[in-house]
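Notes follow once the structure below has been shown.
The values are calculated or read from the model by the stated rules, or taken from the named source; none is laboratory data. The structure displayed is predicted, hence computed values, not measured ones. Every residue, glycine among them, receives a Cβ derived from its backbone with ideal geometry; neighbour counts consider all protein chains shown. For accessibility, only protein heavy atoms count, side chains too; no ligands or nucleic acids. Shrake-Rupley method; radii C 1.70, N 1.55, O 1.52, S 1.80 Å.
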Amino acid sequence: MSPLAPPPTQAAWHQAPDLARCLDKPHLAAVFAEDAIVRLLDVDGIEAVLREPADRSRTVLGLHNPSTDEARINLHGLLPEHAESTWHFISGAMHTRRAADGMYVHLAASGHVWLTATP
């Protein structure tokens, strides 16, 4: 890759979302601190990262759809330990649908979203 070429979208996505107005909230700032716990998740071709502060008091989930087609992710299937959690939107774009087997997040092609929940 040329040094002048922009980095691939996939590589840049793992960085923190644009939280300029949110990082002043201590619970979100803690999730992106150096001592945060970061787990990459396997979600059938969807890039997913789960971030938690060291005390695990909050969860932030980042989802990115690198595909050219819409994707749908069952949050209860992905994170059964958070099946009873209420998720809150931070940034990105999505729509949701409730089903008998959980809540689904729908991401547009090349779309992403950041969500947060308390355990």
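For residue 79, the criteria (1) open to solvent by less than 20 Å² (accessible area, probe 1.4 Å); (2) touching a strand residue (DSSP E or B) at 6+ places or on another chain (Cβ under 6 Å); (3) of a type outside the set (Val, Ile, Thr) hold in every case but one, which is (2). The residue that is surrounded by the fewest Cβ atoms within 10 Å (Cβ to Cβ), counting only those in region 43-76 that are under 18 Å from residue 118 (Cα atoms) and among the hydroxyl-bearing types (Ser, Thr, Tyr), is 57.
If I filter region 91-101 for residues that are under 11 Å from the mean Cα position of the chain (by Cα) and assigned to a strand (DSSP E or B), do I get at least one hit? The answer is yes, given that some residue of region 91-101 is under 11 Å from the mean Cα position of the chain (by Cα) and assigned to a strand (DSSP E or B).
Any chance region 49-58 includes a residue that's of a type in the set (A, V, I, L, M) and at pLDDT 90 or above? Within region 49-58, one or more residues are of a type in the set (A, V, I, L, M) and at pLDDT 90 or above. Condition check for residue 110 on (1) touching a residue at least 40 places away in the same chain (Cβ under 8 Å); (2) open to solvent by less than 60 Å² (accessible area, probe 1.4 Å): one failure, at (2). Of everything in region 85-106, what is over 13 Å from residue 116 (Cα atoms), open to solvent by 40 Å² or more (accessible area, probe 1.4 Å) and not hydrophobic (A, V, I, L, M, F, W, C)? Give them in sequence order. Of everything in region 85-106, those that are over 13 Å from residue 116 (Cα atoms), open to solvent by 40 Å² or more (accessible area, probe 1.4 Å) and not hydrophobic (A, V, I, L, M, F, W, C) turn out to be 95, 96, 97, 98, 101. Among the criteria (1) surrounded by 13 or more Cβ atoms within 10 Å (Cβ to Cβ); (2) modelled with pLDDT of 80 or more; (3) not small (Gly, Ala, Ser), the one residue 40 does not fulfil is (1).
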